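Novice: If you scroll down you'll find the structure; I have some questions about it.
The values are calculated or read from the model by the stated rules, or taken from the named source; none is laboratory data. Quick caveat: nothing in here was measured; it's all calculated off a predicted structure. Positions of Cβ are generated from backbone atoms using ideal geometry, with glycine treated the same way; all protein chains shown enter the neighbour counts.
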Amino acid sequence: MMMSFSRRFLSLAILAGALAAPAIAPTAARAVERLVTVSGDATVAVAPDTAMIRLGVTSQGKNAREASDTNAKQMTALLAAIKEGGIADRDVQTSRLSLQPQYDQSKPGAARLLGFQVTNQVTVRIREIDKMPAFLDRAIAAGANEMSGIEFIVSEQSKLLDQARDDAVADARRKAELYAKAAGVKLGNVVSITEEGSSPPPRPVMQAMRANAVPVAPGEQMLRAAVTVSFELTP
């Protein structure tokens, strides 16, 4: 008799639990759904303060030794000019060194060897960007006949992106407050923040830095931050 009563009591307890569970789940779901999710976007415009440029010397000779010796002499003069221009050794790095045979392929038959060509390039970091035109003038005068790959850099990019991130979150809050007001509710705490990305796409402004020097347009970079923020909504 006691065992039968225990089984009935256990069955009733399980049934009561099963009936109570559905009543709790919708309440929790409704609480989670009381959110507003918006995107925020902000940009910071800044002029680059550092430049990276590849330059060097290409030389020819009748044989590999002659081409190499000529190039070494010209490159030594160029490196000296770079150093005299105030560029530290740590900001100069060899980026390309090549020796290639040159053939005459204008006539049919086997190509005739004309000589050899040596190219030696360095990548130079210019930390004072306003001095770049004078630097280029000096390099060209010293014999640089190869120049490519100018890149303008914002050295304090992380700090500026942090400012854009603050502004992006503020932009998201502004939008959320508008939606909350329109819906007749109040804006609550932040539930989640997701960064959609930050990028520094260059936007050149074509202006020569000095009229009597090699024209250089460092332009302007727009540092962008985008976020998605979810806020609670309260009555």
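Novice: Taking the criterion of being over 19 Å from Ile87 (Cα atoms) and either in contact with a Phe, Trp or Tyr (Cβ under 8 Å, 6 or more places away or on another chain) or acidic (Asp, Glu) (or both), would at least one residue in the range 135-147 satisfy it?
Specialist: Scanning the range 135-147, I find no residue that is over 19 Å from Ile87 (Cα atoms) and either in contact with a Phe, Trp or Tyr (Cβ under 8 Å, 6 or more places away or on another chain) or acidic (Asp, Glu) (or both), so the answer is no.
Novice: Do any residues in the range 66-80 that are more than 17 Å from Gln93 (Cα to Cα) have Cβ atoms under 7 Å from those of residues that are surrounded by fewer than 20 Cβ atoms within 10 Å (Cβ to Cβ) and of a type in the set (S, T, N, Q), where the two are at least six apart or on different chains, and which pairs are they?
Specialist: Ala67/Gln60; Ala67/Gln117
Novice: Has the range 133-140 got at least one residue that is of a type in the set (Gly, Ala, Ser), outside any strand (DSSP E or B) and buried (at least 20 other Cβ atoms within 10 Å of the Cβ)?
Specialist: Looking through the range 133-140, at least one residue is of a type in the set (Gly, Ala, Ser), outside any strand (DSSP E or B) and buried (at least 20 other Cβ atoms within 10 Å of the Cβ).
Novice: Any residue in the range 33-50 that's in contact (Cβ under 8 Å) with a residue 60 or more places away in the chain and within 14 Å of Val227 (Cβ to Cβ): show its pairings with residues that are of a type in the set (Lys, Arg) and assigned to a strand (DSSP E or B) at Cβ separation under 9 Å, as long as the two are six or more apart or on different chains.
Specialist: Going by the 9 Å Cβ cut-off, the qualifying pairs are Asp41/Arg224; Ala42/Arg224; Thr43/Arg224.
Novice: Could you grab me the full set of residues in the range 177-200 that are small (Gly, Ala, Ser) and either assigned to a strand (DSSP E or B) or at pLDDT 95 or above (or both)?
Specialist: Once the filter is applied, which keeps residues that are small (Gly, Ala, Ser) and either assigned to a strand (DSSP E or B) or at pLDDT 95 or above (or both), the range 177-200 yields Gly188, Ser192, Gly197, Ser198, Ser199.
Novice: What is the number of the single condition among (1) within 30 Å of the chain's Cα centre (by Cα); (2) within 17 Å of Arg54 (Cβ to Cβ); (3) not in a helix (DSSP H, G or I) that Gly86 does not meet?
Specialist: Every condition holds for Gly86 apart from (2).
Novice: Same structure, new question: Can you tell me how many residues in the range 95-115 are surrounded by 12 or more Cβ atoms within 10 Å (Cβ to Cβ) and either of a type in the set (Val, Ile, Thr) or more than 21 Å from Thr58 (Cα to Cα) (or both)?
Specialist: Looking only at that region, the number is 1.
Novice: I would also like to ask the following. Residues of the range 154-165 being surrounded by fewer than 18 Cβ atoms within 10 Å (Cβ to Cβ) and either modelled with pLDDT of 95 or more or not in a helix (DSSP H, G or I) (or both), which ones?
Specialist: Selection gives Ser155, Glu156.
Novice: Also, quick follow-up: Going through the range 51-84 one residue at a time, which ones are buried (at least 21 other Cβ atoms within 10 Å of the Cβ), under 20 Å from Leu114 (Cα atoms) and either in contact with a Pro (Cβ under 8 Å, 6 or more places away or on another chain) or of a type in the set (A, V, I, L, M, F, W, C) (or both)?
Specialist: Matches in the range 51-84: Val57, Ala67.
Novice: If only one of Pro26, Pro48 is part of a helix (DSSP H, G or I) and modelled with pLDDT under 95, which one is it? Walk me through how you get there before you give the answer.
Specialist: Working: Pro48 fails: part of a helix (DSSP H, G or I).
Checking each option against the conditions leaves just Pro26.
Novice: Tell me which residues, restricted to the range 201-235, are at pLDDT below 50 and among the aliphatic types (A, V, I, L, M).
Specialist: Residues of the range 201-235 at pLDDT below 50: 201-212.
Residues satisfying the conditions are Val205, Met206, Ala208, Met209, Ala211.
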